1. Just to be sure, is residue 180 under 17 Å from residue 139 (Cα atoms) and without any contact (Cβ under 8 Å) to a residue 12 or more places away in the chain?
2. In the range 141-179, which residues are among the polar types (S, T, N, Q) and either assigned to a strand (DSSP E or B) or exposed (fewer than 10 other Cβ atoms within 10 Å of the Cβ) (or both)?
3. Could you grab the pairs with beta carbons closer than 6 Å, sequence gap of 6+ or different chains, first residue in the range 30-49 and on the phi < 0 side of the Ramachandran plot, second one outside any helix (DSSP H, G or I) and loosely packed, with under 14 Cβ neighbours inside 10 Å?
4. Here is a check on your reading of the model: is residue 82 charged (D, E, K, R), at negative phi and at pLDDT below 95?
5. So if I check each of 178, 139, 166, 133, which one is within 30 Å of residue 61 (Cβ to Cβ) and modelled with pLDDT of 95 or more?
6. I want to confirm something. Restricting to the range 47-83 and keeping residues that are of a type in the set (Gly, Ala, Ser) and out of contact with any helix residue (DSSP H, G or I) (no Cβ under 8 Å at 6 or more places or on another chain), which single residue is surrounded by the most Cβ atoms within 10 Å (Cβ to Cβ)?
7. Does residue 22 satisfy being among the polar types (S, T, N, Q) and surrounded by fewer than 18 Cβ atoms within 10 Å (Cβ to Cβ)?
8. Checking residue 231 against (1) buried (at least 17 other Cβ atoms within 10 Å of the Cβ); (2) over 17 Å from residue 119 (Cα atoms); (3) at pLDDT 95 or above, which single condition isn't satisfied?
Amino acid sequence: MSLRCAALIEPPATASEFIAISLRLNDWVSVVRVSAREAASRLFPLTPPEVVAAAAPYLLARRFMWTRWDDESGVLDDALARPDVAEHLSGSIGELRTGPGGSILRMAARFPSLDPYLPYLVRRARHPSVRAVALEMLVSNQARWTTGFDWAWVDKTYGIRKRIAVTATRPLSLTHDVETLIREALTDRFAAVRKVAADALYEKRATIGDAMMLAKSMLDDPSPAVRERAEFLVRRLSEVH
């Protein structure tokens, strides 16, 4: 595959074929990267959206881990950003039951083409981390993803430092009914989603007329993290009144 990429005529018919070309975009040999970029530039725009979407979770999880490529990355990003791919990818992410679903969504949300599907993912995604991340994005009105890692000093005297994630953000490109999403998420089966909803209720408390009633409804939540947030919100709302 490596040196024959430029000779390819047909677009990838399977996710494995799409991934194979994408891997060559980050090959350690420059001539292989050039060959792969030429092939990808010709074939990726013609690849069926369901094929790109099937390959996307694997590639999105590794996109910023690859360090050999330069402008070759743009060919892959253009394919992943296609609106027709976003439609299929949102369905694939929504059907995930295990694995790093939330992380995959964060990486996919680099592309505005996925924005229209975020409310659907809040309501219908099978993986709770996907629902939680989608809700967080819609409440904050921005997508945030990890682009790499860096080091931050904890104590320079003793040479102690910790590894931190480097992130990037962009504003969302849609309008949405945040209040309704928060109300629905407060009754989600999973605490991870209810916790995000509780934080969102605190952030939007000034615009939600019955915020106190909603906060009190969480005081008996099975999750200690949710109950703590509810107690804090009740105290803050009581101080205002």
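1. yes
2. The answer is 142, 146, 147, 157, 167, 169, 175.
3. Short answer, once both residue conditions are applied: none.
4. On the way: charged (D, E, K, R): yes; at negative phi: yes; at pLDDT below 95: no.
In short, no.
5. Values: 178 fails: modelled with pLDDT of 95 or more; 139 fails: modelled with pLDDT of 95 or more; 166 fails: modelled with pLDDT of 95 or more.
When all the criteria are applied, what remains is 133.
6. Taking the candidates together, the pick is 73.
7. No, not satisfied.
8. Single failed check for residue 231: (1).
The values are calculated or read from the model by the stated rules, or taken from the named source; none is laboratory data. The structure displayed is predicted, hence computed values, not measured ones. Cβ atoms come from the backbone with ideal geometry, glycine included; neighbour counts cover every protein chain shown.
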